[in-house]
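Below: one structure, written as structure tokens.
The values are calculated or read from the model by the stated rules, or taken from the named source; none is laboratory data. In this text the structure is predicted, and so the values were computed from the model without any measurement. A quick note on method: Cβ atoms are made from the backbone with ideal geometry, for glycine too, and the neighbour counts reach across all protein chains shown.
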Amino acid sequence: MKDLYPSLSARGKALAANPARIDFDLFMEASQNLYDPVDNPKGAFPLNVAENTLSSPLIKDQLTSIIQKNEMPDWVLYYTGLLGHPDVKTEVARFMEQYLCKCPIPSETIGLSAGASAIIEISSFVLANPGDVVVIPAPSYPMYTKDLGLKSGVERYDLQSHYELQEIGSKAPVQTELLDQTWTALKAKGKCFKILLLTSPDNPTGCRYTEQQLRELADWCMQHQVHLIVNEIYGLSLIDTQAEEVQAEYGEEGKYISFAKIMEEAASDYLHLWYAFSKDFAMSGLRVGVVHSRNEAFITALGNVNVPHLVSNYTQWMLGEMLKDKDFIERYIIENKARLNRSYRLVVDVLKKMELPYIPSRGSLFVWADFSKYLKVDSAQGEENLWVDIYKNTGVLLTPGVGFQHQKKGLFRIVFTAVPLAYLEVAMERIRSYLLER
Ligand SMILES: Cc1ncc(COP(=O)(O)O)c(C=O)c1O
């Protein structure tokens with residue numbers, strides 16, 4: 001076969017040939033033709049990328065006011081701590097203690113890196129050897145594959161726990177019996193089950209692990225010397241499951257806590273937490289991810305690999321100032337939640353009318369819905385065709401199911417925070433009327 005990229009390394013060739021995400025080209029196309037009720041009423045709705053544009057104006061105003069009212073400190077221009085400026089780490093730790101984790105977070109147990117993606121990459125680099133396996137309950141965030149594997153050579157194993165969405169209910173997508181089976185199956189293949197990775201609230205399902213579920217999984221992992229990482233990047237993007245309009249969809253809710261609480265009690269080298277300000281704080285472009293772990297050697301090693309991923313000091317400074325303003329943070333969390341919930345309910349109301357199954361979300365920016373009754377062919381190709389068909393005929397770009405690794409075909413993710421509520425209504429109506437006619 002002709003070498004298309006003779007100037008590149010084997011790794012470079014593979015990177016040049018494979019796009020970072022398969023929906024990127026259509027995303028760029030849709031982004032250049034955005035819907036506007038007056039200027040572009042036939043325009044498109046990119047509902048595929050996990051961004052919270054509902055609350056970004058609140059953050060923009062706050063950061064603008066910080067820049068206008070404060071003088072930039074001198075340290076912004078120089079090198080600083082390998083895992084962040086000490087004062088900013090203190091502010092981040094206090095914020096996590098008070099709002100996300102609700103338990104003590106010593107600042108030496110955290111580190112900052114350029115977004116959750118960088119945290120994921122350096123964590124797998126430091127915790128696992130090439131060829132080791134990260135077990136992730138399916139369906140899950142497609143980019144984990146590259147973030148975990150590209151540089152550290154760690155393999156992703158998608159644990160299938162259900163086929164139909166209705167099977168999930170309020171159960172966790174993974175239980176210890178499944179982990180036992182996976183452990184044995186991987187061992188038989190000579191593979192090392194090194195990390196169990198949970199996302200809570202989950203991308204794309206919106207599932208949340210209860211305190212009891214987390215405790216059981218943490219015990220199992222500590223016994224087997226498997227690292228348990230809980231990614232709480234959507235930890236403050238919560239759906240109000242007790243709201244009158246949706247309450248009936250949720251069974252009895254267990255108690256939820258941050259994984260940090262269990263980490264505090266267990267003080268184990270095998271338990272870790274990831275966070276980022278990208279989603280809850282609508283600032284994916286500012287690139288701030290956080291790792292929290294009580295494993296001192298892990299934190300030290302992360303610092304020594306973090307130099308290419310440091311968060312710019314200017315961003316750190318703005319973030320630190322924003323977090324100091326407790327009134328703003330409290331108002332923001334409440335307002336953001338109200339906005340998320342309005343958009344969430346709009347989407348599920350339409351799905352109900354269309355009689356499309358979905359997982360009632362407990363948090364995140366997504367609804368994970370089953371469009372399989374519209375598949376012409378029940379296959380990966382059939383799924384891709386339906387995804388493109390919906391986009392070409394409605395202008396609404398959903399996140400394709402491929403990469404999430406769910407076994408059933410025809411499931412797509414809807415990012416309900418990607419456009420304002422009024423636009424979301426138009427987008428959902430376009431999908432409903434198109435699929436109904438089809
Ligand atoms: C579960 C999960 N982890 C990590 C990321 C990446 O976050 P960041 O933009 O902070 O790198 C995302 C983004 O969609 C995500 O959904």
### Message
Looking at the stretch 229-270 only, could you name the residues that are touching a residue at least 12 places away in the same chain (Cβ under 8 Å), over 21 Å from the mean Cα position of the chain (by Cα) and farther than 28 Å from PHE298 by Cβ?
### Response
ALA243, GLU245, VAL246, GLU249, TYR250, GLY251, GLU252, GLU253, GLY254, LYS255
### Task
Would you check if there is a residue in the stretch 31-47 being surrounded by fewer than 17 Cβ atoms within 10 Å (Cβ to Cβ), at negative phi, away from the ligand (no atom under 16 Å from the Cβ) and assigned to a helix (DSSP H, G or I)?
yes
### Task
Determine if the stretch 88-110 includes at least one residue that is of a type in the set (Ser, Thr, Tyr) and either within 14 Å of the ligand (Cβ to nearest atom) or under 14 Å from GLY320 (Cα atoms) (or both).
yes
### Query
Across the stretch 143-158, what is the number of residues that are over 15 Å from VAL226 (Cα atoms), crowded, with 18+ Cβ neighbours inside 10 Å and hydrophobic (A, V, I, L, M, F, W, C)?
1
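To keep it simple, each residue is scored yes or no on (1) under 17 Å from ILE262 (Cβ atoms); (2) among the aromatic types (Phe, Trp, Tyr); (3) part of a loop (DSSP other than H, G, I, E, B).
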residue	(1), (2), (3)
TYR163	no, yes, yes
ASP180	no, no, no
ALA185	no, no, no
GLY190	no, no, yes
LEU197	yes, no, no
CYS207	no, no, yes
GLN223	yes, no, no
### Cross-chain or 6+ apart pairs with Cβ under 7 Å, the stretch 111-131 first and free of Cβ contacts under 8 Å to residues at least 24 places away in the same chain, then near the ligand (Cβ under 9 Å from one of its atoms)
none
### Query
How many of the residues in the stretch 137-179 are touching a residue at least 60 places away in the same chain (Cβ under 8 Å), within 16 Å of the ligand (Cβ to nearest atom) and more than 28 Å from SER9 (Cβ to Cβ)?
5
### Task
Can you run down the residue pairs with Cβ atoms below 7 Å, 6 or more apart or on separate chains, where the first is in the stretch 276-294 and assigned by TED's automatic domain parsing to the domain that holds PHE416 and the partner is among the aromatic types (Phe, Trp, Tyr) and in a loop (DSSP other than H, G, I, E, B)?
none
### Message
Among the residues that make up the stretch 344-361, is at least one of them touching a strand residue (DSSP E or B) at 6+ places or on another chain (Cβ under 6 Å), within 14 Å of the ligand (Cβ to nearest atom) and among the aromatic types (Phe, Trp, Tyr)?
### Response
no
### Message
Filter the stretch 169-182 down to the residues that are out of contact with any Phe, Trp or Tyr (no Cβ under 8 Å at 6 or more places or on another chain) and surrounded by 18 or more Cβ atoms within 10 Å (Cβ to Cβ) and list them by number.
### Response
PRO173, VAL174
### Message
Suppose we filter the stretch 366-402 for residues that are without any contact (Cβ under 8 Å) to a residue 40 or more places away in the chain and β-branched (Val, Ile, Thr); how many remain?
### Response
1
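From the list GLY382, GLY320, which one is in a helix (DSSP H, G or I) and out of contact with any helix residue (DSSP H, G or I) (no Cβ under 8 Å at 6 or more places or on another chain)?
Working: GLY320 fails: out of contact with any helix residue (DSSP H, G or I) (no Cβ under 8 Å at 6 or more places or on another chain).
Criteria check complete, one pass: GLY382.
I'd like to know if the stretch 58-65 contains one or more residues that are within 16 Å of the ligand (Cβ to nearest atom), of a type in the set (Lys, Arg) and either surrounded by 12 or more Cβ atoms within 10 Å (Cβ to Cβ) or outside the structural domain of PRO204 (by TED's automatic domain parsing) (or both). Working first, answer last.
So the first thing to find is which residues in the stretch 58-65 are within 16 Å of the ligand (Cβ to nearest atom), and the list is 59.
The next check asks that each one be of a type in the set (Lys, Arg); those that pass are none.
Among the residues of the stretch 58-65, not one is within 16 Å of the ligand (Cβ to nearest atom), of a type in the set (Lys, Arg) and either surrounded by 12 or more Cβ atoms within 10 Å (Cβ to Cβ) or outside the structural domain of PRO204 (by TED's automatic domain parsing) (or both), which makes the answer no.
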### Query
How many residues are within 11 Å of the ligand (Cβ to nearest atom) and either charged (D, E, K, R) or assigned to a loop (DSSP other than H, G, I, E, B) (or both) if we restrict to the stretch 266-308?
11
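Here's the yes/no breakdown for (1) crowded, with 16+ Cβ neighbours inside 10 Å; (2) under 29 Å from GLU330 (Cα atoms):
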site: THR184; (1), (2): no, no
site: SER200; (1), (2): yes, yes
site: ASN203; (1), (2): yes, yes
site: GLN213; (1), (2): yes, yes
site: LEU228; (1), (2): yes, no
site: GLN247; (1), (2): no, yes
### Summary
Screening GLY84, GLY131, GLY169, GLY115 for residues that are on the phi > 0 side of the Ramachandran plot and at pLDDT below 95 leaves only GLY169
